[in-house]
Amino acid sequence: MATKTKRTSLIGALEGIVGAEFVLHTPEDMVVFEYDGSIGKSLPQVVVFPSTTEQVAQIVRLAYSVDVPIVPRGAGTGLSGGAVAVKGGIVVTLTRMNRILEIDPVNRQATVEPGVINLHLSEQAEPHGLYYVPDPSSQRVCTIGGNVAENSGGPHCLAYGVTTNHVLGLEVVLPDGEVVWLGGPLEDMPGYDLTGLFVGSEGTLGIVTKAIVKLYPIAESVRTLVAVYEEIDDASRAVSAIIASGVIPAALEMIDKVTIEAVVQAVDVEYPSDAGAVLLIEVDGLKEAVEQESEAVEAICRDLGAREIRVAETPEDRERLWAARKGALAALGRLAPNYYILDGVVPRSRLMDVLRRVGEICDRYDFRVANVFHAGDGNLHPNILFDERIPGQSERVLEAGAEIMQVCVEVGGTITGEHGVGLEKKGFMSLVFSPQDIAAMEKVRDAFSSVETFNPCKIFSTAKGCGEGWRVPTLPDLGPGSFL
Amino acid sequence: MTTNAPLELPGADAPTEADIYKCVHCGLCLQACPTYLELGLETESPRGRVALMKAVHGGRFGLTEGVVGHMELCLQCRACETACPSGVPFGRMMEATRAQITATTRRSLRARAVRFLVFRLLFPRLGLLRAGAWLLKLYQRSGVQWLVRELRVLKPIKSLDQLEQQLPRLPKFYRPPPSELVPAQGQATRRVAMLSGCVMPLVYGPVNEATVRVLARNGCDVLTPRAQGCCGSLHAHSGERDGARALARRNIDVFLETNPDAIIVNAAGCGATMKEYVELLEGDPAYRDKARRFSALVRDVTEFLAELPFEPPKKELSARVTYQDSCHLVHAQGIKDAPREVLRSIPGLRFVEMKASDTCCGAAGVYNVVHRDLANGILDQKMANVAAAQPDIIATANPGCMLQLEMGVRRMGLDARVAHVVELLDEAYG
């Protein structure tokens, strides 16, 4: 947006679409939308809050006609910068579109608007004995629309699959303002699986305005247990052994010593502070099966050196254990002002080896690292702790992250499991894909979007004016200030 | 009274960098925030407000009108603190930010006049507050109020008219017991000093009376020091931290002199501030240690009773009761179980949880006067949850919440009464 006049008329036009109270544009207000849950930051020029599909379409058409970047945003809890407006422009926040339009208990599905909070859907489905499976740690606050964009996972995706396995159909506004349906209410719609393509497209192909998602019956029985290990290596071996035994737990999570240190300060949960790691394991299903499977899991854990196994005795116990797990990432704020969360995936058999190398890399860079992750999926989350106020740390943390991603790929893994490529990982797509592979993906993007202004500079680093990788920006001063 | 010169300088309070950098902008606070829930705007969320504090702290812009607006829309309910795994001390950051606003911005003449009246005259001098309350009572009882309402005299001035509608009907004022000491029934096992408060004795005198009776019944000699004053919470929340400090010092001197085993508070807002005197006076060498001793003695009445433990009541109270968590009890003091334990101990009482009991009712000190529309939106949401629980009695633990819930009951036309937890226990003691 070159000129002030252009900006003013854009704001006027947006106000005409949604009303003045739902368009924000002052420098102060833009600061509140320059971040998400990741380390990416960049100021938009205007933020708009539509409440209908038609308003979204009008906004998209407007942006298209004046060639202004446009970035969709849910609750802003993403971990890869998907909602960060790297090229400025319009941020379209979908939190006002938060109605659950239908819960169909017979066909076990729900139709929702994109701003519906993940957990609210499960709460509303509960009276029907149903729930929405994918449960990112931010499920209390994150939106279904954001989950679709990032193809979010969560602890309980081990047995039941990530977001893409739970989305049947989507109403989307394409980058030129066209409103279309992808997929539909039935499992196998004819034609291309555009729903599958759209889930995880990180807001580069359009904006979701409705989603039809699957609901699952709440399991008859559930057993949650914590296995405590002296050494993280033993815990890693146990993870491989459990999966190899044929049992597929509903969740199989690893929490390391550094994370425990933070979590026990945040949540009232009895994780022994001297443990090397704990595994949080959940088995669900029919009562008899759960008993059998949890006995098998307990036996494996003990065989592989668990010094203690605790079973949640009450629903409240179970809730506390999960609150600790789901608050773990944010609890790291108690140890350092910033963390850089990685999302690599490795074969489970290589967990031990990779964790050791992650530790070595972080040692070499002199960063503390906290690991809390979906061990059953081999989906690592090394969280590198740093302090953005110390010059050079923000840059070095990205370098350390790059080395870790390389290790993941070397052992046959990949750079992201559930957070999306977004900004800071786009430079590493070439570790996983050949130029031809990437070109094929870009052709698909171009088929949807003839413009490079639709959530620009995400996923691919080949777009014009976006730069090779991603660097930590200097935040602009917006005028003199500060507290007394 | 000792004064500490540097502290009296305006603007000594600002959110510290250490506190600001505790926020990792994960967003887990969003759904806990009543203003975010009501408006859906990140600018009106805890994470957004911390981002603004950080931007101002970093010199990216000053305390502009825009920033001040977002800061003043905060209810200071501190539900975000409960939700925050990272331990961001949002309450004290917002108090410090409000102090910055007071020190650096010039308010309108009307606002300054009101603030002078409230913070310099009425609350520091409870005698004046009482006199004002008498005038109000006279207005209500003499028929003038009836006339004003019948003739719609205030209709042309909308804000005054609405304020008039919000006025609670004042009951008989609380008279502290003629002697400073009410002896325990039977053998005294503890000696406690009680805060009688500023709003409580004027609007909910019976709650104070019930508190004294319940404490005495449970083996406490109950002192009500005459020289005590307002706790200063209203000041602290409104950016008048120096005013709050002056009141804190007075109460510390008055209460510590009585050498109590505990200082009992039945208003959650006051209790929270009194437990935080230690933070308020951190920079005051003359009072730092005394504040620490004082704060360590402060107990909410329900917390104290649960710790004792209290004598289970015998008399039946046949009613369906729900409990509204007072924000400054559950979020600021972390007390969730104690009031429920008290309620559940009452024979015949059917306790029923409402949905989102720990979300603010919108009272928030004088918030429901200053930001009436938003507060009413928050209240209506709250009352929908209350109504779904179908209670005969709505129990809570703070006079501000009681006032707001009573207004909610009127707005919804519910057939329920509002009571303080300790009143119900007192009734069940018979």
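The values are calculated or read from the model by the stated rules, or taken from the named source; none is laboratory data. All figures in this text were calculated on a predicted structure; none of them were measured in a lab. Because the Cβ atoms are built from the backbone with ideal geometry, glycine has one as well, and the counts that use them run over all protein chains shown. Accessible surface areas use protein heavy atoms only, side chains included; no ligands, DNA or RNA. Shrake-Rupley method; radii C 1.70, N 1.55, O 1.52, S 1.80 Å.
Just one of the listed residues (A:Ala402, A:Ala439, A:Ala463, A:Ala447) is of a type in the set (A, V, I, L, M) and farther than 23 Å from A:Val199 by Cβ, namely A:Ala402. The number of residues in region B:15-37 that are under 14 Å from B:Cys74 (Cβ atoms), more than 7 Å from chain A (Cβ to nearest Cβ) and either free of Cβ contacts under 8 Å to residues at least 60 places away in the same chain or in contact with a Cys (Cβ under 6 Å, 6 or more places away or on another chain) (or both) comes to 5. Has region A:184-206 got any residue that is touching a residue at least 24 places away in the same chain (Cβ under 8 Å) and assigned to a strand (DSSP E or B)? So far as region A:184-206 goes, no, none of its residues is touching a residue at least 24 places away in the same chain (Cβ under 8 Å) and assigned to a strand (DSSP E or B).
Look at (1) within 14 Å of chain B (Cβ to nearest Cβ); (2) open to solvent by 20 Å² or more (accessible area, probe 1.4 Å); (3) modelled with pLDDT of 90 or more; (4) in contact with a Gly (Cβ under 7 Å, 6 or more places away or on another chain) and you find that A:Ile384 fails only one, number (2).
This table checks each residue for (1) more than 14 Å from chain B (Cβ to nearest Cβ); (2) surrounded by 18 or more Cβ atoms within 10 Å (Cβ to Cβ).
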| position | (1), (2) |
| --- | --- |
| A:Ser394 | no, yes |
| A:Cys408 | yes, yes |
| A:Leu431 | yes, no |
| A:Ala439 | yes, no |
| A:Thr453 | yes, yes |
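Applying the set (1) under 20 Å from the mean Cα position of the chain (by Cα); (2) crowded, with 22+ Cβ neighbours inside 10 Å; (3) modelled with pLDDT under 95 to A:Ala323 leaves exactly one unmet item: (2).
Go through region A:344-376 residue by residue and tally those that are closer than 27 Å to A:Asp268 by Cα, touching a helix residue (DSSP H, G or I) at 6+ places or on another chain (Cβ under 9 Å) and away from chain B (no Cβ under 14 Å).
First, pick out the residues of region A:344-376 that are closer than 27 Å to A:Asp268 by Cα: A:368-376.
Filter once more, so that each one left must be touching a helix residue (DSSP H, G or I) at 6+ places or on another chain (Cβ under 9 Å): A:368-372, A:374-376.
Going one step further and asking which of them are away from chain B (no Cβ under 14 Å), we end up with A:368-369, A:371, A:374-376.
So the count comes out to 6.
The residues of region B:38-62 that are more than 8 Å from every other protein chain (Cβ to nearest Cβ) and at pLDDT below 95, listed by number, are B:Glu38, B:Leu39.
For region A:290-313, a tally of residues being in a helix (DSSP H, G or I), of a type outside the set (D, E, K, R) and either touching a residue at least 12 places away in the same chain (Cβ under 8 Å) or in contact with a strand residue (DSSP E or B) (Cβ under 8 Å, 6 or more places away or on another chain) (or both) returns 6.
Does region A:117-134 include one or more residues that are acidic (Asp, Glu) and either at pLDDT below 95 or closer than 30 Å to A:Gly12 by Cβ (or both)? Even if it seems obvious, please write down each step before you answer.
Of the residues in region A:117-134, the ones acidic (Asp, Glu) are A:123, A:126.
Keeping just the survivors that are either at pLDDT below 95 or closer than 30 Å to A:Gly12 by Cβ (or both) gives none.
Checked region A:117-134: no residue is acidic (Asp, Glu) and either at pLDDT below 95 or closer than 30 Å to A:Gly12 by Cβ (or both).
Within region A:30-45, residues that are without any contact (Cβ under 8 Å) to a residue 12 or more places away in the chain sit with their Cβ atoms under 9 Å from residues that are open to solvent by 10 Å² or more (accessible area, probe 1.4 Å), at 6+ positions apart or across chains, in these pairs: A:Val32/A:Leu24; A:Val32/B:Leu41; A:Val32/B:Ala51; A:Val32/B:His70. Cβ-Cβ distances below 6 Å connect the following pairs, each with a first residue in region A:55-76 that is on the phi > 0 side of the Ramachandran plot, a second residue that is of a type outside the set (A, V, I, L, M) and crowded, with 24+ Cβ neighbours inside 10 Å, and a separation of six or more residues or different chains: A:Gly76/A:Asp36; A:Gly76/B:Gly27.
Identification of strands (runs of 3 or more DSSP E) wholly contained in region A:1-100 with 1 or more residues that are under 24 Å from the mean Cα position of the chain (by Cα), over 16 Å from A:Pro114 (Cα atoms) and within 14 Å of chain B (Cβ to nearest Cβ) yields A:46-48. Apart from one condition, A:Thr414 fits all of (1) more than 14 Å from chain B (Cβ to nearest Cβ); (2) of a type in the set (Val, Ile, Thr); (3) more than 24 Å from A:Gly82 (Cβ to Cβ); the exception is (3). The set of residues from region A:224-241 being out of contact with any helix residue (DSSP H, G or I) (no Cβ under 7 Å at 6 or more places or on another chain) and under 15 Å from A:Asp353 (Cα atoms) comprises A:Glu231, A:Asp234, A:Ala235.
Within region A:118-138, track down each residue that is within 10 Å of chain B (Cβ to nearest Cβ) and buried (at least 23 other Cβ atoms within 10 Å of the Cβ).
Initial filter on region A:118-138 (within 10 Å of chain B (Cβ to nearest Cβ)): A:119-120, A:123, A:137-138.
The answer is A:Ser137, A:Ser138.
Out of A:Glu261, A:Glu270, A:Glu316, report the one residue that is at pLDDT below 95 and not in a loop (DSSP other than H, G, I, E, B). The match here is A:Glu316.
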